[in-house]
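Input: a single structure, listed below in C-alpha cells.
Derivation of every value follows stated rules applied to the coordinates shown; laboratory data play no part. Computed from a predicted structure; not experimentally measured. Neighbour counts are summed over all protein chains in view; Cβ atoms, including those assigned to glycine, are modelled from backbone coordinates with ideal geometry.
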Amino acid sequence: MGFMDGPGHPEVQEALTGAWQKIAGKGFRLASFAVTPEQGQAALARGVQLLFLGFDTMFMQKVVDDPETLARMSNAELVEQAGSEGVELIMWLAMRGAMTRGASVVHSHYHIPVSNTAAGVLVLENMAPVLATV
C-alpha cells in the first residue's frame with residue numbers, strides 16, 4: 001500500500017520513469033503536477049512539456065509571510081488561479097487578518113490523495129500578543 005517516503009521512493013520513481021518513457025514513446029506529450037519548484041524542475045528535466053504548478057502551497061506560504069498580497073486578489077483571480085473551490089481561501093485570509101502581523105507556523109501539512117481534492121492544514125501562532133481595543 002505504498003512506501004513511507006511516498007513518491008520519492010526509488011521503486012515509485014522507477015515505475016514513473018518507465019511509464020513516462022512509454023507515453024513519450026507513443027508520441028504523447030508528458031504532463032505533470034508540481035507542488036514545489038524543485039519538483040517542477042525535476043519534471044521538466046524528465047521531458048514534461050505541460051506542467052501544472054501548485055497554487056495551494058504558494059498560498060499557504062504567503063498567508064504567513066505576505067498576506068497583504070493575497071488580500072489584494074479579487075474573488076475572480078482566486079477562482080482563476082486556484083479553481084472554483086479556491087474561494088474558500090477567503091476564510092484563510094480572514095483567519096490571518098485576525099492575527100498579529102508576525103505569525104509563526106506551528107504545523108503545516110499538504111496532501112494530494114490519488115482520488116480526491118488536495119487538503120492543506122496550517123496552524124499558526126501569533127508572534128506578539130493581540131492588543132484588545134475597547
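Shown here are the Rg and Dmax of the Cα trace of segment 6-53, at 10.6, 29 Å.
Can you give the FRET efficiency for Phe3 and Met95, using 1/(1 + (r/R0)^6), R0 = 30 Å, r = Cβ-Cβ distance, to the nearest 0.05? With R0 = 30 Å, the Cβ-Cβ based efficiency is 0.30. Diagonalising the gyration tensor over the Cα atoms of the chain and scaling each eigenvalue by 5 before taking the square root yields semi-axes of 36, 17, 12 Å, largest first.
Applying 1/(1 + (r/R0)^6) with R0 = 30 Å to the Cβ-Cβ distance of Arg46 and Ser108 gives a FRET efficiency near 0.65. The charge dipole of segment 55-126, taken about its Cα centre with unit charges on the Cβ atoms of Lys, Arg (+1), Asp and Glu (-1) only, comes to about 160 debye. Please identify the DSSP H helices in the chain that span no less than 18 Å along the helix axis (Cα) and have a mean Kyte-Doolittle hydropathy of -0.5 or more. Qualifying helices: 10-25. The helix-only estimate of mean residue ellipticity at 222 nm for the chain, built from DSSP H runs of length n ≥ 4 each weighted as -39500 (n - 2.57), is -12500 deg cm²/dmol after division by the residue total. Only the Cβ atoms of Lys and Arg (+1) and of Asp and Glu (-1) were treated as charged; on that basis the dipole of the chain about its Cα centre amounts to roughly 320 debye. Classify segment 55-126: rounded, prolate or oblate, from the alpha-carbon gyration tensor (a ≥ b ≥ c, eigenvalue square roots; a/c under 1.5 rounded; otherwise prolate if a/b is larger than b/c)? Cα axes put segment 55-126 in the oblate bin.
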